[in-house]
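Comments concern the structure below.
The values are calculated or read from the model by the stated rules, or taken from the named source; none is laboratory data. Keep in mind that this is a model prediction, so the values were computed, not measured. Methodologically, a virtual Cβ is constructed for each residue, glycine included, from the backbone with ideal geometry; neighbour enumeration extends over all protein chains shown. Ligands, DNA and RNA are excluded from the accessible area calculation, which covers all protein heavy atoms including side chains. Shrake-Rupley method; radii C 1.70, N 1.55, O 1.52, S 1.80 Å.
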Amino acid sequence: QVQLVESGGGLVQAGGSLRLSCAASGRAFSTYAMGWFRQVPGKEREFVAAVRWNGITKFYADSVKGRFTISRSNVNNTVYLQMNSLKPEDTAVYYCAAGVVGGLSQAEYNLWGQGTQVTVSS
């Protein structure tokens, strides 16, 4: 079973960049699709980005397209989310998730990390 630990969150000014990492334990990492979701208190968790097991097929929410890039290293068992041109509305807890197929829905993921806080100041 894969376990997920996020890191890289923090406080950044609008227009700045952060890179989130999600380290996975377990041998099956390369067979999982990986996704990033985010949640603001009082709102539902929303999809941000996903990458299939091969690292080639990727999906992005419209709100982050062109600013965020998801990538993965099946050697290092890590998935990354490079976030550029950050906006205050990107402020949220960001969660890493793993699933057999992986897509835009939370229901397609069965393993979740604890989350990392990203705060973007204006």
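Structural remarks
- Failed item in (1) surrounded by fewer than 18 Cβ atoms within 10 Å (Cβ to Cβ); (2) modelled with pLDDT of 95 or more; (3) out of contact with any Pro (no Cβ under 9 Å at 6 or more places or on another chain), with Ala50 passing the rest: (1)
- Considering Gly42, Gly26, Gly35, Gly16, the condition of being surrounded by fewer than 19 Cβ atoms within 10 Å (Cβ to Cβ) and closer than 18 Å to Asn110 by Cβ is satisfied by Gly26 alone.
- The listed residues are Gly26, Gly55, and the only one of them that is at pLDDT below 95, in contact with a Lys or Arg (Cβ under 9 Å, 6 or more places away or on another chain) and within 15 Å of Ala98 (Cα to Cα) turns out to be Gly55.
- Residues being in a strand (DSSP E or B), closer than 20 Å to Ala61 by Cα and of a type in the set (A, V, I, L, M) - total across the stretch 1-38: 4
Each row is one residue, and each column tells you yes or no for (1) open to solvent by 10 Å² or more (accessible area, probe 1.4 Å); (2) more than 21 Å from Ser7 (Cα to Cα); (3) free of Cβ contacts under 8 Å to residues at least 60 places away in the same chain.
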position: Glu46; (1), (2), (3): yes, no, yes
position: Asn54; (1), (2), (3): yes, yes, yes
position: Tyr60; (1), (2), (3): yes, no, yes
position: Val101; (1), (2), (3): yes, yes, no
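- Number of residues in the stretch 62-71 that are open to solvent by 40 Å² or more (accessible area, probe 1.4 Å) and basic (Lys, Arg) equals 1.
- Selected residue (only one of Gly55, Gly113, Gly102 is of a type outside the set (A, V, I, L, M), in contact with a Gly (Cβ under 6 Å, 6 or more places away or on another chain) and within 20 Å of Ala23 (Cα to Cα)): Gly102
- Qualifying residue in the stretch 104-118 (condition: open to solvent by less than 40 Å² (accessible area, probe 1.4 Å), more than 18 Å from Ala24 (Cβ to Cβ) and small (Gly, Ala, Ser)): no
- Residues in the stretch 81-90 that are open to solvent by 40 Å² or more (accessible area, probe 1.4 Å) and within 15 Å of the chain's Cα centre (by Cα): Gln82, Asn84.
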